[in-house]
Amino acid sequence: MRFVTYDRGGQRRLGAIFEGEVVDLPDAVGHPAFPTTLEGLVSRSRGTVLDAARTALDRDDVFDWRVKRPRVLTPLFPASLLSPGSLDVERRVMGPEQQVPWPAGAAWLEYEPKVAAVLGLETSSDEPFDPARHVFGYTLVSDWQARDASGAPVLHADGVPIAIGPCVVTADEVDPQVMYLQVTIDGNEVAKGNLNGTARSLYRTIEAASRAAPLGRGDALALNPFGQAPSELWPGAEVVLSAEGIGTLRNAIAR
């Protein structure tokens, strides 16, 4: 299943992508206890909650709950987002199609595309990490870091916002080792390929992190699948990160 979050009357609301349409999932399920946000769904992803979602999407009347002209938001605000090499600051999170503000003091931005695994079950040093059990799903992350004229990082209290989206696809619907990704900047392709060993590296990173401290439902870990140096971005650049099964995460840099 592919889960999104959309704006319903100014509130974040859980949706599912079905045959290219956004369906209001809580309404489709029709049970008052069903989660209305993706964060709530992830935190309760064991038991019958996902079964109820699948059943609703399999019904003949599923399009009765189709959302007309949905404004898709950040699908998920992770409880924490860990990524090796990123600055150790709390980062703001933005969604697809949102504009990345140009940070004060920056001469350029460095860009890294990443794939994130979202956990749906707690991990700890006492229980070995098992992707089939612990990973709820996968999403895309666009990560930026500001540099000054000397090339040194521009430090701000909350850094440059991270973009996440456009959806979270459940782990049973995608094989991350063969997932194909593409990155374009201003229409020019700068990277492409499948994850290959990056998926295994991601799993090893999660396992190592869980040995250092317990990880909880809704925590996410992200890695750059490409070995090349980060791309340099300037005001007005448009970055598009796409992946099979997940979709397209598009953001423009403010002028």
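Applying a DSSP loop filter and a limit of 13 other Cβ atoms within 10 Å to the GluC sites (Glu not before Pro) in region 1-88 leaves Glu19. Going by alpha carbons, how many degrees (0 to 90, nearest 10) lie between the helix axis of 197-212 and the longest principal axis of the chain? Tilt relative to the chain: about 80 degrees.
The label point for Phe63 and the one for Gln228, both projected 7 Å from the Cα toward the Cβ, are 4.1 nm apart. The angle between the Cα long axis of helix 49-58 and the longest principal axis of the Cα atoms of the chain comes to about 80 degrees, rounded to the nearest 10. Every helix of 4 or more DSSP H residues in the chain counts as -39500 (n - 2.57), and over all residues that averages to -4500 deg cm²/dmol at 222 nm. With 10 Å bins beginning at zero, the pair-distance distribution over Cα atoms of the chain amounts to 7, 31, 35, 21, 5, 0, 0 %. Share of carbon and sulfur in the accessible area of region 11-119 stands at 50%, probe radius 1.4 Å. In region 61-138, taking the dipole from charged Cβ atoms about the Cα centre, the farthest positive-side position among Pro96, Val135, Gly120 is held by Pro96. DSSP bridge analysis restricted to the chain gives an antiparallel fraction near 90%, rounded to the nearest 5.
Spacing of the modelled spin labels on Glu189 and Asp51, each 7 Å from Cα toward Cβ, amounts to 4.4 nm.
Lys and Arg at +1, Asp and Glu at -1: add these up for the other residues within a Cβ distance under 13 Å of Gln182 and post the number. Once all neighbours under 13 Å are counted, the net charge is 0.
GNM on the chain, C-alpha springs below 10 Å: top fluctuator among Pro103, Pro161, Pro214? It is Pro214. Plainly put, region 108-210 has a radius of gyration that is 1.02 times its Kirkwood radius, both from alpha-carbon atoms, as the Rg/Rh ratio. When the chain is treated as a GNM, springs tying every alpha-carbon pair under 10 Å, which of Leu121, Leu76, Leu140 comes out with the largest mean-square fluctuation? Of Leu121, Leu76, Leu140, the Gaussian network model singles out Leu121 as fluctuating most.
Summing charges over all other residues whose Cβ lies under 12 Å from the Cβ of Thr139, with Lys and Arg as +1 and Asp and Glu as -1, gives +2. Taking Cα centre as origin and charging only the Cβ of basic (Lys, Arg, +1) and acidic (Asp, Glu, -1) residues, the dipole magnitude of the chain rounds to 320 debye.
If a spin label sat at a point 7 angstrom from the Cα of Ser125 along the line to its beta carbon, the backbone N atoms of region 189-208 nearer than 15 Å would be those of 207-208.
Using alpha carbons only, the radius of gyration of region 1-92 set against its Kirkwood radius gives Rg/Rh = 1.03. Taking the Cα centre of region 125-255 as reference, the dipole from Cβ charges on Lys and Arg (+1) and Asp and Glu (-1) amounts to some 160 debye.
The values are calculated or read from the model by the stated rules, or taken from the named source; none is laboratory data. Fair warning: this is a prediction, and the values are worked out from it, not measured in the lab. Note: ideal-geometry Cβ built from the backbone for every residue, glycine included; neighbour counts use all protein chains shown. Heads up: the accessible areas ignore ligands, DNA and RNA and are worked out on the full protein's heavy atoms, side chains in. Shrake-Rupley method; radii C 1.70, N 1.55, O 1.52, S 1.80 Å.
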